[in-house]
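Only one structure is covered here, and it is reproduced in the block below.
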Amino acid sequence: MVGLGSALANLQNALRRPEAHIEVVDGETVPVGMLLGTLGALLLDAGSSVTDVRSALEKARDAAGVGPTLAIGVLPALVMVSEVSTGAATIVNAEGVELSSRQAARANRVVLGLESGSIALAEIPARVRAIRAGTVPPPALPWILGNALTSAGLAVVFRCPWWAILLALLVGALVGVIGLLLRRFREAVAIIPFLAAFASTAIVGLVAATTGFEQVPLFAVCAPVAVFVPGALITNALLELTAADIVTGSSRLVQGLIMLGFMAAGIASGSALTGLHVDPSSAALVGEVAGVGTDLAGWESVPSYWVSWVAVVVLAVGLGLVFRSGWRLTLVSVAVMVTAYALVSGTTPVWGSVVATGATAALLFVATRLLERLVPAIPATVSFFPAFLLLVPGTVGLVAVATFDPESLATPLATFVSLCIGTKIGGLLPGLFARNAPSRGVDATA
């Protein structure tokens, strides 16, 4: 009882004690913990991992001269900032509203400004409000067109025949409509991956059965649903696990595996309904598809390899429409994705696909950090994202799970690990460069 009484007394003293770190915002005092938590919640909604959010907030805290007297903890849906001396904690919940790539870029520019000192902590609420004010539901036409272009681009990059490319374009648009309609209902969000995978597989199976096309490539099924594949989620989970964020990494990993399970169930259901057979041996990675082709003619022939380079551009434009990047960030995405495709295609024959993916990730992460240093309006986390989506073997893992093939499953798992290691190394190397934040125009729209 003595210990309990002492703890209660300490708690009462802490509650009565004035906040040690405060800022004046619009004439009112606001705890620094609330300001940092508000920024952290924005970064979580922008898709940053908890490891990156915590690192960004700690750098902003240190740049403001607060130092380690404020402890920062981040979970997938909330940020906790506590006074070390008193234990008093401020908790800010993320809103759970997905932000566009342009909003994510603006959020990262705020972080850069805080780190350099060109933005004060007291400016955080106004800047966060300005960024969140641009949150709108995805416009129907760009969303549907973006899904269609992404689907067709992936089908070409992964060397599908012409009939599958045309079908991927149409089914991608249909899947975009399904996602657009169902994402309005919160209860339906969890089932979208299953329905999208089922619809894609069923349509491909029916077309193959009707036309007599016997060789059905895996990306004819997976390309239309690639936007829903949680490859980035699983890779971020592995990155968080390697950074000792065990709780968050584990929860994200489980979430990603559940989504993969739903999609695998959709593929299995569609295959059972139409009699479609997906060949697990066709689960090739980006660097392994250069030599893929068939001896067939007409609609069953495979486009020339040079068409794949055009498809990478189409893929980048499609992703720009899906994630509402704006034309400037879309141009950056095109350059990054073409570079990623060239690097992984050129190094795979020498190092193998697994090592080539990790090495490409490391080189590109360093390059995007250097680009961020030269052009602060293009944060590295945003410019690296397109290459990240191209390198993540999420759809390959999906087919491996759907077909229960252990050999096919081993390759994406090894590539996931290689990608994580490459990204970690790439994140360490740019520490040699000083990060320059913009002194003006920080909140300009990308």
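The values are calculated or read from the model by the stated rules, or taken from the named source; none is laboratory data. Values in this document were obtained by computation on a predicted structure and should not be read as measured data. We place every Cβ from the backbone using ideal geometry, glycine too, and count neighbours over all the protein chains shown. Just the protein is used for accessible areas: all its heavy atoms, side chains included, with ligands, DNA and RNA removed. Shrake-Rupley method; radii C 1.70, N 1.55, O 1.52, S 1.80 Å.
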Single unsatisfied condition, Ala148 versus (1) more than 30 Å from Glu58 (Cβ to Cβ); (2) open to solvent by 20 Å² or more (accessible area, probe 1.4 Å) = (2)
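Okay, residues lined up against (1) at pLDDT below 90; (2) assigned to a helix (DSSP H, G or I); (3) under 19 Å from the mean Cα position of the chain (by Cα):
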{"site": "Ala130", "(1), (2), (3)": "no, yes, no"}
{"site": "Thr135", "(1), (2), (3)": "yes, no, yes"}
{"site": "Leu145", "(1), (2), (3)": "no, yes, no"}
{"site": "Thr150", "(1), (2), (3)": "no, yes, yes"}
{"site": "Val156", "(1), (2), (3)": "yes, yes, no"}
{"site": "Ala164", "(1), (2), (3)": "yes, yes, no"}
{"site": "Leu170", "(1), (2), (3)": "no, yes, no"}
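Let's see how each residue does on (1) surrounded by 21 or more Cβ atoms within 10 Å (Cβ to Cβ); (2) modelled with pLDDT under 80; (3) of a type in the set (Val, Ile, Thr):
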site: Leu174; (1), (2), (3): no, no, no
site: Val177; (1), (2), (3): no, no, yes
site: Ala202; (1), (2), (3): yes, no, no
site: Ala209; (1), (2), (3): no, no, no
site: Phe213; (1), (2), (3): no, yes, no
site: Val229; (1), (2), (3): yes, yes, yes
site: Ala243; (1), (2), (3): no, yes, no
site: Leu253; (1), (2), (3): no, no, no
site: Ile258; (1), (2), (3): no, no, yes
Name the one entry in Ala380, Ala387, Ala361 that is more than 30 Å from Pro139 (Cβ to Cβ), among the small types (Gly, Ala, Ser) and under 16 Å from the mean Cα position of the chain (by Cα).
-> Ala361
Give the residues of the stretch 51-91 that are open to solvent by less than 50 Å² (accessible area, probe 1.4 Å) and farther than 19 Å from Ile124 by Cα, sorted by residue number.
-> Thr51, Glu83, Thr86, Ala88
Does Trp162 qualify as being buried (at least 19 other Cβ atoms within 10 Å of the Cβ) and of a type in the set (Phe, Trp, Tyr)?
-> no
Considering (1) within 30 Å of Val110 (Cα to Cα); (2) in contact with a Gly (Cβ under 6 Å, 6 or more places away or on another chain), say which one Ala311 fails and leave the rest.
-> (1)
Criterion: among the hydrophobic types (A, V, I, L, M, F, W, C), surrounded by fewer than 24 Cβ atoms within 10 Å (Cβ to Cβ), free of Cβ contacts under 8 Å to residues at least 40 places away in the same chain and in a helix (DSSP H, G or I) - qualifying residue of Leu363, Leu371 | Leu371
